[in-house]
Structures are given as C-alpha cells and as structure tokens.
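Beneath this line is the structure, given in structure tokens, with notes to follow.
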Amino acid sequence: MIKAVISGTGLYTPPAFIDNEELVQAFNAYVERFNQDHAGEIERGECEALLPSAPDFIEKASGIKRRHVIDKDGILDPERMCPRIPERSNDEPSVQCDMSVVAARQALEQAGRSTDDVDAVIVACSNLQRAYPAVSIEVQAALGIDGFAYDMNVACSSATFGLQAAVNAVENGTANAVLVISPEICSGHLNFRDRDSHFIFGDACTAILVERSDRVADGQGFDILGTRLKTQFSNNIRNNFGFLNRAAEEGIGQPDKLFIQQGRKVFKEVSPLVAETIQGHLAALELAPGDLRRMWLHQANLNMNQLIARRVLGRDATIEEAPVILDEYANTSSAGSIIAFHLHRDDLDSGDLGVICSFGAGYSIGSVVIRKR
Ligand code: CO8
C-alpha cells in the first residue's frame, strides 16, 4: 500500500517583530487617550475607564515574549492599532501568495524536489485575504505547478486538517506530492484595542511537502503513521467577519468582526480534549505515550501546553519533549505546531516517534503521528 511521508518543511518569518514592552506602550497610550477623551462620561458612570496592559502579565499568562508581524508601524500607532498592508493591484501577487511561495520553495529545497514534482497545493489557514479566486490557485500558478489546488479553513487546525487531506490524496493516488501551506496573517484580524487578547497573535507562513513513500529515499523525512481529527462546536473562539456583514448594517464596526474568545473557558475545555485525542490516537496505533520522543503542540499558551503534555505523559514534559516557539512567534494559528516541527526535529534519530497536534477554534483538534525514517 502507498504510504505518505513528510519530506520537507519551510517557514517564512516576517522580519519585523514587536516585543511585549513596545506593544504595551502603544496599548497604554491608547488607553490614556481614551480615558482623557471620555473623562466626563466616565465620571458620570456612562462609560467604563479602560485598564492598562502589562508586559509581566502577558509573559506570565501566556509565555509570549514577542511576535513577528507583517507591519509593525500601523500596529504600534495608538491612533490606528492595526497593521497597514496596502491593497495590491490584481496584476501583482497577493501578500499571502508571496509568503506562501517563500515557505513552499524552502520545503521543496529541503526535500530535494522541484515544482515539477508537485501536483497539488492546499492553502490551509485561519483567514484568507479574499473570497476568490482561491489563494492556493494563485500560489500554484506562481510556482508553475501543473495539477490542482484548493483553499481550506479550520482555524488553528487548518494545517493538520490539510495534512490529512494531503495524506488521503497521496494514499489514494490522486496526487504524488502535495504542498500544504499556511500563510497566517493573524495581525489582520486581531483587535489590538482589546486588553484581554491584544498580545496573543503573530504572523508567519509554513509549508509542508507530503509525498508517496516509494518516491522518498530511505532515511529521509518522516513516515506519517496516522492522522486523527476531532471537532466539537463552541462559540468560545469566534470571528463574525464575513461576506454577509454588509447586508446587516447593525453589525458594522462591532468588535465581533475581529477575533474574540473566552480564554479561560478555552483553556479549561480544550486542554483535556486534546490530551484525550492524542492518547486515543496513540492507542489506536498500538503505541503508548512513553513511546513519544516529541510533541509538537499548537502554540497558543505555554501553561496550556505544559498541562496537555503532563496529561498525556503522566508527568511533566521536558522542553525537548514539548518544544516552545510561542515565546518568539506568539500564536500563529495553524502555523504554530508546524513551526515547532520545522525548528525542532533535526536531533531526532531514525525510528523516533512524535506527534504534531493542533487545537483551536471550532473547537478543532488535529493529531498527526509520525516516525523519523
Ligand atoms: N494586562 C494586565 N492584566 C490583564 C490583561 C493585560 N493585558 N488582560 C487581563 N488581565 C487581568 C484580568 O483583568 C484579570 O484580572 P482579575 O483577576 O483582577 O479579574 C487577570 O488578568 C486574569 O485574566 P484572565 O483570566 O483573562 O487571564 P488568564 O490567566 O486566563 O490568561 C489568556 C488569558 C492568556 C488569554 C489565557 O486564558 C489563554 O491563553 N487561554 C487559552 C487561549 C487559547 O488557546 N485560545 C485559542 C486561541 S484560538 C486560536 O489559536 C486560533 C483562532 C483562529 C485564529 C485567530 C487569529 C486572530
């Protein structure tokens, strides 16, 4: 039977980054101005004074120290607090296409492949910059790939769900090699005026090349032993931005057209679900948690990852067992677990087992168990 292999990965990191101190300085300047401008209403009890943010809180509550972003100046401008990413003409490549091409070329280079070897592109991410034509088809054209492409969105689990789609395509013979690309511009849909969440996200793009095992040299890449997906509806992470917004004038400008969450509830509800999903997936593959050398977990919150790893292993995980990239990248939605895999796998030996696991809005969870070839 044809099996699927991860033969290469790539990562595009925007050069600009914002540390917690800079972010909080801009946020607090906005808060100060807001409270001054609304002093009368606040005094009459018609409006609540805004509270300042704090770098210490951010690091302690989340583990995040900084985040890479496409545009820094617009986010740090207290008058704007939103990245400035100018529109491009239809004749220019879109921003998500540009990011995707860089990450994809890196994945191909790592696998020793050219675009001629690829016959499918899946762009899988939390937010697509337009309705159509599909960004994936634009990326396919930019890379000169003969085949097919489509976009998909399962929020933070987009990349792992995309991986399962790629595995299915390779194993049923629809494609020989599939690129799964996740261009995440989280700064575009983060409310930088919201104290509870203004620090959470960053931007990045990952790419994964999935190929038929019989085309990949022994000792190269990772066998995909299995994928398991799980979804369970929840409103606790939500974004109501969509094409019907213009048909409902009452909602225009409301904060729910950006990312909103009940962070505490997400933490409490998702952590056990993730641990159960990984344990159940391992058991179905006749593996035990103790067989895992590494867990490349979704990178949303450090405390959450430590809890999940503890539940899976029955003890605290070492930093080698559950590597962290959110200190540097923050939450990059579906790209997070793939960045962790991309940056923390070279020390693995042939036969070592690991799990890539995403979790987030939906709720959605994707578990991919792999073995170093
Ligand atoms: N500065 C200082 N203090 C603050 C701040 C701040 N910025 N924010 C809150 N506080 C205060 C609160 O007022 C509260 O004070 P008090 O105790 O006096 O009431 C105290 O800090 C504690 O507040 P919280 O209970 O809110 O803080 P938590 O300890 O729960 O930490 C977190 C908040 C970090 C948000 C945490 O709950 C968390 O990370 N939860 C998990 C979240 C998660 O995993 N979410 C998934 C994200 S969704 C996803 O990954 C992809 C979605 C699709 C992509 C969207 C891209 C934009």
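Table for the structure above
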| read-out | value |
| --- | --- |
| Close pairs (6 angstrom Cβ cut-off, 6 or more residues apart or separate chains): within 17 Å of GLU92 (Cβ to Cβ) in segment 135-152, of a type in the set (Ser, Thr, Tyr) anywhere | VAL139/SER100; LEU143/THR115 |
| Segment 104-134, subset farther than 26 Å from GLY173 by Cβ and of a type in the set (A, V, I, L, M), residue most open to solvent (accessible area, probe 1.4 Å) | ALA131 |
| Contacts under 8 angstrom Cβ, first residue in segment 84-108 being under 14 Å from ILE185 (Cβ atoms) and free of Cβ contacts under 8 Å to residues at least 12 places away in the same chain, partner open to solvent by less than 70 Å² (accessible area, probe 1.4 Å) and in a loop (DSSP other than H, G, I, E, B), 6 or more apart | ARG88/SER94 |
| Qualifying residue in segment 332-352 (condition: part of a loop (DSSP other than H, G, I, E, B), farther than 17 Å from VAL369 by Cα, at pLDDT 95 or above and among the aliphatic types (A, V, I, L, M)) | no |
| Residue list for segment 291-317, restricted to those being more than 26 Å from PHE199 (Cα to Cα) and either touching a residue at least 60 places away in the same chain (Cβ under 8 Å) or of a type outside the set (A, V, I, L, M, F, W, C) (or both) | ASP291, LEU292, ARG293, ARG294, ARG311, GLY314, ARG315, ASP316 |
| Qualifying residues in segment 180-202 (those that are surrounded by fewer than 24 Cβ atoms within 10 Å (Cβ to Cβ) and of a type in the set (Asp, Glu)) - the one nearest to the ligand (Cβ to nearest atom) | ASP196 |
| Unique residue being surrounded by fewer than 18 Cβ atoms within 10 Å (Cβ to Cβ) and either in contact with an Asp or Glu (Cβ under 6 Å, 6 or more places away or on another chain) or farther than 16 Å from LEU353 by Cα (or both) when the list is ALA284, ALA217 | ALA217 |
| The one condition in (1) open to solvent by less than 20 Å² (accessible area, probe 1.4 Å); (2) under 26 Å from ASP347 (Cβ atoms); (3) not in a helix (DSSP H, G or I) that ALA300 fails to fulfil | (1) |
| Subset of segment 146-176 that is among the hydroxyl-bearing types (Ser, Thr, Tyr) and open to solvent by 10 Å² or more (accessible area, probe 1.4 Å) - its residue that is farthest from CYS97 (Cα to Cα) | THR174 |
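Okay, residues lined up against (1) touching a Phe, Trp or Tyr at 6+ places or on another chain (Cβ under 8 Å); (2) assigned to a helix (DSSP H, G or I); (3) open to solvent by 50 Å² or more (accessible area, probe 1.4 Å); (4) away from the ligand (no atom under 15 Å from the Cβ):
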site: MET1; (1), (2), (3), (4): no, no, yes, yes
site: THR9; (1), (2), (3), (4): yes, no, no, yes
site: GLU21; (1), (2), (3), (4): no, yes, yes, no
site: PHE27; (1), (2), (3), (4): yes, yes, no, no
site: GLU41; (1), (2), (3), (4): no, yes, yes, yes
site: LYS60; (1), (2), (3), (4): no, yes, yes, no
site: ASN90; (1), (2), (3), (4): no, no, yes, yes
site: ASP98; (1), (2), (3), (4): no, yes, yes, yes
site: VAL102; (1), (2), (3), (4): yes, yes, yes, yes
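The values are calculated or read from the model by the stated rules, or taken from the named source; none is laboratory data. No experiment lies behind these values; they were computed from the predicted model shown. Ideal geometry is used to build each Cβ from the backbone, glycine not excepted, and the neighbour counts take in all protein chains shown. Quick note on the areas: whole protein, heavy atoms, side chains included, nothing else; ligands and nucleic acids left out. Shrake-Rupley method; radii C 1.70, N 1.55, O 1.52, S 1.80 Å.
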